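**Student:** Before I ask anything, here is the structure I am working with.
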Amino acid sequence: MGSIQMSHLMLLLAVLSAGFAVTHADNASDSFWLLRVKSEIIDPARVLENWTPRAHICSWNGLTCSDDQSHILGLNLSGSGLSGSLSQEIGHLSSLETLDMSSNFLTGSIPSELGKLQNLRILLLYTNSLCGKIPAEIGLLKNLQVLRIGDNMLTGEITSSIGNLRELRVLGLSYCQFNGSIPIEIGNLKHLTSLDLQNNSLSGLIPEEIHGCEGLENFAASNNQLQGNIPSSVGLLKSLQVLNLANNSLSGSIPIALSRLSNLKYLNLLGNKLSGEIPSELNQLIQLEKLDLSENNISGAISLLNTRLRNLEALVLSDNALTGSIPSNFCLRNSTLQQLLLAGNMLSGEFPLELLNCSSLQQLDLSNNKFEGELPFLLDKLENLKDLLLNNNSFIGALPPEIGNMSNLENLFLFDNMITGGIPVEIGKLQRLSVIYLYDNQMSGHIPRGLTNCTSLTEIDFFGNHFTGSIPATIGKLKNLVLLQLRQNYLSGPIPPSLGYCKRLQILALADNRLSGSLPPTFRFLSGLSKITLYNNSFQGPLPNSLFLLKNLKIINFSNNRFNGTIFPLSGSNALTALDLTNNSFSGPIPARLAMSRNLERVRLAQNHLTGTIPFIFGQLIELKFLDLSFNNLSGGLPSQLSSCEKLEHLLLNNNQFKGTMPPWLGSFQELGELDISSNYFFGTVPVELGNCSRLLKLCLHSNTLSGEIPPEIGNLTSLNVLTLQRNNLSGSIPSTIQKCKKLYELRFSENFLTGSIPSDLEGLTELQVILDLSKNLFSGEIPSSLGNLVKLERLNLSYNKLQGEIPPTLGKLTSLHMLNLSNNHLQGHIPSIFSGFPLSSFLGNDKLCGPPLVTCSGSMGQGKKHLSNTEVAGIIVVIVSTSTVVCLIMLYIMFRIWCHWRDQVSISSADGVVGTEKKRGEGKWVYGDEKSRNGDYWKVNSMVLVSSQDKPAKSTTTCVFHLKTDSEDMEADTCSKVT
Amino acid sequence: MEIRNTHFISLLDCLFLCSFIFKFHHFYFLVLFHFEMAPLSLFSILVPFLLCITPTLSTNSEGNALHALRSRLIDPTNVLQSWDPSLVNPCTWFHVTCDDSNNHVIRLDLGNSNISGTLGPELGELKHLQYLELYRNEIGGKIPKELGNLKNLVSMDLYENRLEGEIPESLAKLKSLRFLRLNNNKLTGSIPRQLTGLSNLKVFDVSDNNLCGTIPVDGPFATFPMKSFENNRLNGPELKGLVPYDFGC
């Protein structure tokens, strides 16, 4: 401290000795302190350059002196680009009456020494970066009339000492971070005319004492967290012209006392929690020009009348709970009302014809209400209207042709109504029309060519109507068009080439129509195009090469069309995020250039004729979430670079000709929810790493040639819903860890070489529902009785295994079952009676099984007898009868021969042989050798019943054709014909 | 927000600015109320229409319905994270299954997913839904009567939740329904008699609720085991003509 004071002294001496004896002693000290102030200010624009001891202080920039230049009166450095901080030495400039440091970049806090400036009348520090609290010493400035320190980073509570500033006229504290409540001492400021507390974090109540500010004209406290009621005492502020309490948490009803504010011109209470009705007494506010009560919970009918509030220019009551209709005497013929915004209420009734008297209206927003009925023909009486927002109501009928007379109309929002009929051709007269939203109506007819005369149009949205015909060929006249949304109509014909001249177009959505033809080469001019959706149309032909020039494309969806040729022209943009070309006839390779779009998230190229391999460079697509290449002719292996696509959620490669082993890095996809590589030529083992994909919901590996055992790590996939491993060469047993996959609802292991017994652990899979298919494996042992716990299971297929023993009665608990196939095993014993309703085919081919639907069990049940149905029994009877006949005949013949022999020869030789019947059941054979039948059209089962005799073997073949539904592979015998 | 005002001093030179956002059906547009107090007449409403960033497709009713459901549910484990309403349809959302031919939602699998919250009427928009699997969660509130609009529903599994209120009569409209599992909830009231008309109903489980009245005996109810009705306040099988079916309710 000592050294600092010494340096002050040295400086003072230097100034004095510089020979400015003529200057007043005050000036000398002022210049000394001003230079101290300067020393803490950074002045990149050199505004303070002439602040030197050599120049007279009154000539320094920003300084105002008294007439006799004896002392300084003002310091104004507003907007001088200053930074640094405000020195506490400013407190020594005791003659200052005005201090304006506003609109600079000053940091630091407000020095408490300011409190010493007893002559200060005006203090302006607004728009800086000052922080800290307001010093309580500010309350010492008895002569202060204007205090504006807003738009800083000031914090803390507003000091109550502010109530001592009895001369204060203007108090500006907005855009800071003040908290706490408004000090009640504010009510002491009798002369205050303007109080601005906006955009702080003030909470608590508005002090009742506010009525002490008798002269208050402007009171703004919007964007704070003020609570409680609006005090009625506000109604005592007779001079009040502006009251802005928007965006607080004020509650209760609007005080009737406000109606006493006879000078009020502006009242804004939007964004509070006010409830109750609008007091009709507010109609007494005849000076009122703007009234905004929107975004509250105000209910009841609209009681405000423009006929009373004659100066009203804007009435905003949107987003409340207002009901009823608009009062019939609402508008005067010479109304000054320009904005009437009533959106988001529950107002009802027909379009209020009264409003047509509000001829000055520029904006009318009745959207999101319950208005109904037709739009009035006389709508054009609102000749000044710029914005007509009637969306989200229940308006019916057609758009009146008179709309063409509303020459000032810029924005026409009629979406989400039930408007019918066509677009009147008169719409072409609307030269200022910029936005027309007609979506979600029931409009029909052609899009009038005249619409293309509205050359100011920037946005057209006709989505979800019944428009027919073609897109007007003159659409290219709309040079300002940014959005063209015609999705979901019945438009036909080609895209007019002139559309390419709408060079500002950013979004083109023509999906879900009947459009045809190919894309015009003029599309090359749509350089701003960012989104193009053409899905579900009949577009065809190759893409114009010039599409490659569209560098801003982000979203492309051409799915479900008949485009052909290469997709290379769509790879020109580096901005692509989504590309969907599903179900077209594209051919050729996947362009590696797509990998230049580093933000690509979705690539869907399924159901085309693409060939070649997955470009290894796709590993650069680190944002990729969705890769669907299924149903193409792609080949090769999976490039290891793909493992970099760590955000992959869906990887669908099924039904291609991919070859190779399943790479272990598939297990590195932590986000993977769906992996389908089915119907390819993958071989080798299922990598154990797959168990790391803990989010997997669907894992489809079926119809490959995978071998080895099912890894026990499969049990780590605890979210798994669907697991399909059928039609591979898997061996070994089912790992018992499978029981941990508790969310499985579909599980298919069929057509493998799995052995061992069916694990009783499967009982843990209680959500199994669609199917449990273990058919056509080599499972042995008994059916575990625990399978009876799968109470939601609807299909169970254990056929074509080597299962033994009896059908456990617990299977009777499978009450949801409607398909059961236990056929072609070695089961025996009684079929539980609960299954008697299942068809014969469910049980066929089990040697020792009996009971309905098979033959009734006999006493020697299960001892090698074949149990057959009545028809088969009948057949067997026929066979037995016929063979008996044959046997009898043979016996007769033998007896005859014996008799002959006996007759011919005295000696008796032995008989030729004993002839009996023997039933044999042939092994069922699966016919799935060729690829076609593997892919799931049908398979056949030949089961043979051989009835042989030594002499005349008779062959009876039962052919059952099991139709396989390709999706569900629901095995139910449809036809069984017996061929003899 | 930086407000600069270079007027030196005037009683009316404070600058008022407030902004708010109107939310519209398919886009947002920002309405800036930017006006200066001094000449109060200056009151300009700027309506810069922000281009639809993601125009939600209003006829994507199934996606909208599911998204509405999402907004009602509390999902601490983010199982609904992939439900992006800006996609053309919900068919690539996880836990949603569509049929391959026409992209209609046929399954909703959110069983055992730690979700709470309530169900809403919008679920009735899923006209093609066959499997509604919401079992073992903490879903509360009532069973929306609009579920009766799911004409193709085969299985409704709402068991082991915190559902309350009555079993809606409208479920009798679900002519394809085979499996109705509502066990382990807090359902009250009687078993609607209209359900006896569900001729395809194979499994009906309302055990562990707080139902009252008697157990229907007609139609498929002739076959359901008593276990399906245990742990309620039910009064045994209906005795037609002797006591009203809602006896004891």
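The values are calculated or read from the model by the stated rules, or taken from the named source; none is laboratory data. The model shown is predicted, which means the values in this text are computed figures rather than measured ones. Counting neighbours? That spans all protein chains shown, and the Cβs are built from the backbone with ideal geometry, glycine included. Side chains included, ligands, DNA and RNA excluded: accessible areas come from the protein's heavy atoms. Shrake-Rupley method; radii C 1.70, N 1.55, O 1.52, S 1.80 Å.
**Student:** I'd like the FRET efficiency for A:Leu353 and A:Thr685, computed as 1/(1 + (r/R0)^6) with the beta carbon distance as r and R0 of 60 Å, rounded to 0.05.
**Tutor:** It comes out at approximately 0.15.
**Student:** Okay, next question. Roughly how much of A:Met418 is accessible, in Å² to the nearest 10, using a 1.4 Å probe?
**Tutor:** A:Met418 exposes around 80 Å² with every protein chain in place.
**Student:** Another question, if that's okay. Show the residues, 5+ positions off or on another chain, whose built amide H is closer than 5 Å to the amide H of B:Phe247.
**Tutor:** Under 5 Å from the amide H of B:Phe247: B:Thr214.
**Student:** Under the definition of partner shielding as Cβ atoms of other protein chains within 10 Å of a residue Cβ, what is the mean value for peptide A:531-541?
**Tutor:** Numbers: counts 5, 0, 3, 0, 1, 2, 0, 0, 0, 0, 0.
The mean count of partner-chain Cβ atoms within 10 Å per residue comes to 1.
**Student:** Same structure, new question: Give the calculated FRET efficiency between A:Glu623 and A:Met418 to the nearest 0.05, with a Förster radius of 41 Å applied to their Cβ-Cβ distance.
**Tutor:** Details: r = 42 Å, r/R0 = 1.02.
Efficiency computed from Cβ-Cβ geometry: 0.45.
**Student:** Using the Karplus curve 6.51 cos²θ - 1.76 cosθ + 1.60 with θ = phi - 60°, work out ³J(HN,Hα) for each residue of the stretch A:48-58 in order, rounded to whole Hz, and write x for Gly and Pro.
**Tutor:** In residue order, the calculated couplings are 8, 4, 8, 7, 10, x, 6, 8, 5, 4, 6 Hz.
**Student:** Further question on the same structure: Once both labels are modelled 7 Å past Cα along the beta-carbon direction, what's the A:Asn143-A:Arg449 spacing in nm?
**Tutor:** 8.0 nm
**Student:** While we're here: Quick one: Karplus J couplings for the stretch A:601-612, per residue in order, coefficients 6.51, -1.76, 1.60, θ = phi - 60°, nearest Hz, x for Gly and Pro?
**Tutor:** Whole-Hz 3J(HN,Hα) from phi for the stretch A:601-612: 10, 10, 10, 10, 10, 5, 6, 10, 10, 5, 10, x.
**Student:** Can you return the aspartates and glutamates within cross-link range of A:Lys776? Criterion is Cα-Cα under 12 Å, with same-chain partners fewer than 8 residues away left out.
**Tutor:** Within reach: A:Glu751.
**Student:** At a threshold of 8 angstrom on Cα-Cα distance, excluding pairs fewer than six apart, so keeping six or more, what relative contact order does the stretch A:742-818 reach in percent?
**Tutor:** On the way: 185 pairs, mean separation 23.8, N = 77.
With pairs under 8 Å counted, the relative contact order is 31 percent.
**Student:** Using protein heavy atoms only (no ligands, DNA or RNA), what is the total accessible area buried between A and B, 1.4 Å probe, nearest 100 Å²? Could the numbers behind the result be given before it?
**Tutor:** Values: alone 41340 and 13830 Å², together 49160 Å².
Heavy-atom accessible area buried at this interface is about 6000 Å².
**Student:** Moving on to the next point. Which of the aspartates and glutamates could be linked to B:Lys127 by a straight reach, that is with a Cα gap under 12 Å, when you skip same-chain ones fewer than 8 residues away?
**Tutor:** Filter leaves B:Glu62, B:Glu146.
**Student:** Averaged over B:85-93, how many beta carbons belonging to a partner chain fall within 10 Å of each residue's beta carbon?
**Tutor:** Whole-number average of other-chain Cβ neighbours for B:85-93 is 3.
**Student:** Using a 1.4 Å probe on the protein chains only, how many percent of the accessible area of the stretch A:761-808 belongs to carbon and sulfur?
**Tutor:** The nonpolar share, carbon plus sulfur, comes to 42 percent.
**Student:** Sticking with this one: Taking the full set of protein chains and a 1.4 angstrom probe, give the accessible area of A:Ser129 in square angstrom, rounded to the nearest 10.
**Tutor:** Here the accessible area works out near 40 Å².
**Student:** Skipping prolines and chain starts, which residues have an amide H placed within reach, meaning under 5 Å, of the one on A:Gly493, given they are 5 or more residues away or on another chain?
**Tutor:** A:Ser516
**Student:** Expected output is a single nm value to one decimal: the length gained when fully extending between A:Ser456 and A:Gln657, i.e. 0.36 nm times separation in residues minus the C-alpha distance. What is it?
**Tutor:** Numbers: separation 201, 0.36 × 201 = 72.36 nm, distance 5.31 nm.
Using 0.36 nm per residue and subtracting the Cα-Cα distance, I get 67.1 nm.
**Student:** Does a label point 7 Å from the Cα of A:Ser129, set along Cα-to-beta-carbon, have any residues of the stretch A:89-114 with amide nitrogen under 20 Å, and which are they?
**Tutor:** A:101-111
**Student:** What accessible area per residue, rounded to a whole number of Å², is obtained for the stretch B:112-249 using a probe radius of 1.4 Å? Write out the running numbers ahead of the final one.
**Tutor:** Values: 5710 Å² over 138 residues.
Per residue, the stretch B:112-249 has an accessible area of 41 Å².
**Student:** On a full-extension model of 0.36 nm per residue, what is the gain between A:Arg310 and A:Ser731, subtracting their alpha-carbon distance, rounded to one decimal in nm?
**Tutor:** Numbers: separation 421, 0.36 × 421 = 151.56 nm, distance 8.95 nm.
Length gained, A:Arg310 through A:Ser731: 142.6 nm.
**Student:** Quick one: if the Förster radius is 45 Å, what FRET efficiency do A:Gln225 and A:Arg46 give, using the C-beta to C-beta distance and rounding to 0.05? Mind dumping the intermediate values first?
**Tutor:** Working: r = 43 Å, r/R0 = 0.97.
Approximately 0.55, to the nearest 0.05.
**Student:** So who's got an amide H within less than 5 Å of the one on A:Gly845, skipping anything under 5 residues away but keeping other chains? H placed 1.01 Å off N, in plane.
**Tutor:** A:Asn824
**Student:** If I take every Cα pair under 8 Å that is 6 or more residues apart in the stretch A:387-539, average their sequence separation and divide by the length, what percent do I get for the relative contact order?
**Tutor:** Numbers: 461 pairs, mean separation 23.4, N = 153.
Relative CO of the stretch A:387-539 lands at 15 percent.
**Student:** List the residues of the stretch A:185-215 whose backbone N lies under 18 Å from a point placed 7 Å from the Cα of A:Ala136 along the Cα-to-Cβ direction.
**Tutor:** Hits in the stretch A:185-215 for A:Ala136 at 18 Å: A:185-186.
**Student:** Assuming 0.36 nm per residue, please report the length gained on full extension of the stretch A:Lys647 to A:Ser94 beyond their Cα-Cα distance.
**Tutor:** On the way: separation 553, 0.36 × 553 = 199.08 nm, distance 6.73 nm.
Once the chain is fully extended between A:Lys647 and A:Ser94, it gains 192.3 nm.
**Student:** Continuing with this model, one more query. How shielded is B:94-101 by partner chains, expressed as the average number of their Cβ atoms within 10 Å of its Cβ atoms?
**Tutor:** On the way: counts 9, 4, 0, 4, 0, 1, 2, 1.
Averaged over the peptide's residues, the number is 3.
**Student:** Given points 7 Å out from each Cα along the Cα-Cβ axis, report the B:Ala222 to A:Ser635 separation in nanometres with one decimal.
**Tutor:** Using points 7 Å along Cα→Cβ, the separation is 6.3 nm.
**Student:** Could you tell me the relative contact order of the stretch B:129-189? Use alpha-carbon pairs under 8 Å, at least six residues apart, and round to a whole percent. Spell out each step's value before the answer.
**Tutor:** Numbers: 140 pairs, mean separation 23.3, N = 61.
Contact order relative to length: 38 percent.
**Student:** Read phi for every residue in the stretch A:72-81 and hand back ³J(HN,Hα) as whole Hz from Karplus 6.51 cos²θ - 1.76 cosθ + 1.60, θ = phi - 60°, with x for Gly and Pro.
**Tutor:** The phi angles translate into 7, 10, x, 10, 10, 10, 4, x, 9, x Hz.
**Student:** Also, quick follow-up: Measure out, as a whole number of angstrom, how far apart the alpha-carbon centroids of the stretch A:510-550 and the stretch B:103-171 sit.
**Tutor:** Spelled out, the Cα-based centre of one part sits 41 Å from the other.
**Student:** For the stretch A:176-323, please report how many Lys pairs fall under 21 Å Cα to Cα, leaving out neighbours fewer than 8 apart on the same chain. If you can, show how the numbers build up before the last one.
**Tutor:** Working: A:Lys190/A:Lys238; A:Lys238/A:Lys265; A:Lys238/A:Lys290; A:Lys265/A:Lys290; A:Lys273/A:Lys290.
Lysine pairs, 8 or more places apart or on different chains, close enough: 5.
**Student:** OK, next. Quick check on the stretch A:295-348: take the gyration tensor over C-alpha atoms, sort the square-rooted eigenvalues as a ≥ b ≥ c, and tell me if it's rounded (a/c under 1.5), prolate or oblate. Walk me through the numbers on the way to the answer.
**Tutor:** On the way: a/c = 2.37, a/b = 1.66, b/c = 1.43.
Because a/c hits 1.5 or more and a/b exceeds b/c, the stretch A:295-348 counts as prolate.
**Student:** Now for a separate question. Along each of its three principal axes, how wide is the spread of alpha-carbon positions in the stretch B:163-232, in whole angstrom units, largest first?
**Tutor:** Taking the Cα atoms of the stretch B:163-232, the three principal extents are 26, 23, 18 Å.
**Student:** Where a ≥ b ≥ c are the square roots of the eigenvalues of the C-alpha gyration tensor, would you call the stretch A:184-283 rounded, which needs a/c under 1.5, or, failing that, prolate if a/b is larger than b/c, or oblate? Mind dumping the intermediate values first?
**Tutor:** Working: a/c = 1.58, a/b = 1.08, b/c = 1.45.
Since a/c reaches 1.5 but b/c is at least a/b, the shape of the stretch A:184-283 is classed as oblate.
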